[in-house]
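Report on the following structure.
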Amino acid sequence: MARAATKNRHGAGIGSHVCIRLTPLYALARFARSASPCSCGAAPLPAGGAAPRPLPGSLDPWTPRSHSLACWVLRAFYFFFINKEQMQIMCYVLSPLSAPQEKFMRIAIEQARIAADEGEVPVGAVVVKDGEVISVGRNRREADKNALAHAELEAIGAACRALGGWRLWQCELYVTLEPCPMCTGAIINSRLRRVVYGASDRKSGSCGSVVNLFELPYNHSPEVVSGFMEEECGKLLTDFFRGLRNKRKDGNI
């Protein structure tokens, strides 16, 4: 731990010197994780192999989710001994997301790039089960002339066909953009276990930006991880819309 470099939740490299400074706090943080779902957003370790209970809503590292003594001690360490950047690094170390999960978001990003090359708004999605990719999807609304052709719906539909059933309770969805109301409904109905998204959508995001539909009393509420590799996912959208504006200025659209 003291010598190995790690990565933060956005995928940026972090030098080993930072990890050395965090080493004395690692044992305390591990205890806080095992005690309860603390402010770092990590669910308690399941007993007897049982699946952990999903936490509804966004797992923001700075949202208090427990009043246990261990979690309050961990938060006190932030306020008095370390800065916010170092605390975010610690939260990443304790998070259920790690380097192997980064590859799934990169597959979603590649799908988004393909969509951009096709003239579509760059959004990509991947459904994963037991560490293996089951299906991928990308935005195809312009090509298909279909309002339903969102990346999440394509990936969910393909996963249902591949697995032979509509219940995807053992699966996770990685998507580059926060799901809209339609896709959030599909996530609820397909019983996806976890949703990991990159960039927030301030206009139609339904996992916390405009509204959080997962907090409503539906019969299913997945675990949500927001802002994973957010900078890279957001840059795809920024570059795409900048290109559209430049084309309009040049009269090419």
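The values are calculated or read from the model by the stated rules, or taken from the named source; none is laboratory data. Just so it is clear, the model here is predicted, and its values are computed rather than measured. Heads up, the Cβs are rebuilt from the backbone with ideal geometry, glycines too, and the neighbour counts pull from every protein chain shown. The accessibility values were calculated without ligands, DNA or RNA, using every heavy atom of the protein model including side chains. Shrake-Rupley method; radii C 1.70, N 1.55, O 1.52, S 1.80 Å.
Screening Ser135 against (1) buried (at least 20 other Cβ atoms within 10 Å of the Cβ); (2) at pLDDT below 55; (3) among the polar types (S, T, N, Q) leaves a single unmet condition, (2).
Per the conditions (1) outside any strand (DSSP E or B); (2) of a type in the set (A, V, I, L, M, F, W, C); (3) touching a residue at least 40 places away in the same chain (Cβ under 8 Å), the sole criterion not satisfied by Met182 is (3). For Gly165, all conditions in the list (1) in contact with a strand residue (DSSP E or B) (Cβ under 6 Å, 6 or more places away or on another chain); (2) closer than 22 Å to Gly185 by Cβ hold save one; what is the number of the exception? So Gly165 meets the others, but not (1). Look at segment 100-122: where a residue is closer than 19 Å to Glu178 by Cβ and a partner is of a type in the set (D, E, K, R) and part of a loop (DSSP other than H, G, I, E, B), sitting 6+ places away or on another chain with Cβ atoms under 8 Å, you get Ala115/Arg140; Glu120/Arg140.
For segment 221-228, check the following and say yes or no: at least one residue is touching a His at 6+ places or on another chain (Cβ under 8 Å) and open to solvent by less than 30 Å² (accessible area, probe 1.4 Å). Show your work before the answer.
First, the residues of segment 221-228 that are touching a His at 6+ places or on another chain (Cβ under 8 Å): 227-228.
Those still in the list that are open to solvent by less than 30 Å² (accessible area, probe 1.4 Å) too: 227-228.
Scanning segment 221-228, I find at least one residue that is touching a His at 6+ places or on another chain (Cβ under 8 Å) and open to solvent by less than 30 Å² (accessible area, probe 1.4 Å), so the answer is yes.
Reported count of residues in segment 111-130, each being under 15 Å from the mean Cα position of the chain (by Cα) and more than 17 Å from Lys145 (Cα to Cα), is 5.
Residue-level check: of (1) among the aliphatic types (A, V, I, L, M); (2) touching a residue at least 40 places away in the same chain (Cβ under 8 Å); (3) surrounded by fewer than 16 Cβ atoms within 10 Å (Cβ to Cβ), Ala147 misses just (2). All but one of (1) within 24 Å of Ile107 (Cα to Cα); (2) not small (Gly, Ala, Ser); (3) not in a helix (DSSP H, G or I) hold for Pro217; state the number of the condition that does not hold. Here Pro217 clears every test but (1).
Please determine whether any residue of segment 190-211 is assigned to a helix (DSSP H, G or I), of a type outside the set (Phe, Trp, Tyr), open to solvent by 10 Å² or more (accessible area, probe 1.4 Å) and closer than 24 Å to Ile134 by Cβ. Full working, then the answer.
Of the residues in segment 190-211, the ones assigned to a helix (DSSP H, G or I) are 190.
If we keep only those that are of a type outside the set (Phe, Trp, Tyr) as well, we get 190.
Pick out the ones that are also open to solvent by 10 Å² or more (accessible area, probe 1.4 Å) and you get none.
No.
Looking across segment 131-156, the residues that are touching a strand residue (DSSP E or B) at 6+ places or on another chain (Cβ under 7 Å), small (Gly, Ala, Ser) and not in a strand (DSSP E or B) come down to Ala151, Ala155.
Within segment 154-166, no residue satisfies the criterion of being under 14 Å from Glu120 (Cβ atoms) and of a type in the set (A, V, I, L, M, F, W, C).
If only one of Glu154, Glu142, Glu120, Glu110 is crowded, with 17+ Cβ neighbours inside 10 Å, charged (D, E, K, R), modelled with pLDDT of 65 or more and over 24 Å from Tyr218 (Cα atoms), which one is it?
On the way: Glu154 fails: over 24 Å from Tyr218 (Cα atoms); Glu142 fails: crowded, with 17+ Cβ neighbours inside 10 Å; Glu110 fails: crowded, with 17+ Cβ neighbours inside 10 Å.
Result: Glu120 is the single residue among Glu154, Glu142, Glu120, Glu110 that is crowded, with 17+ Cβ neighbours inside 10 Å, charged (D, E, K, R), modelled with pLDDT of 65 or more and over 24 Å from Tyr218 (Cα atoms).
One residue alone among Leu236, Leu244, Leu168 is assigned to a loop (DSSP other than H, G, I, E, B) and either open to solvent by less than 60 Å² (accessible area, probe 1.4 Å) or out of contact with any Phe, Trp or Tyr (no Cβ under 6 Å at 6 or more places or on another chain) (or both), and that residue is Leu168.
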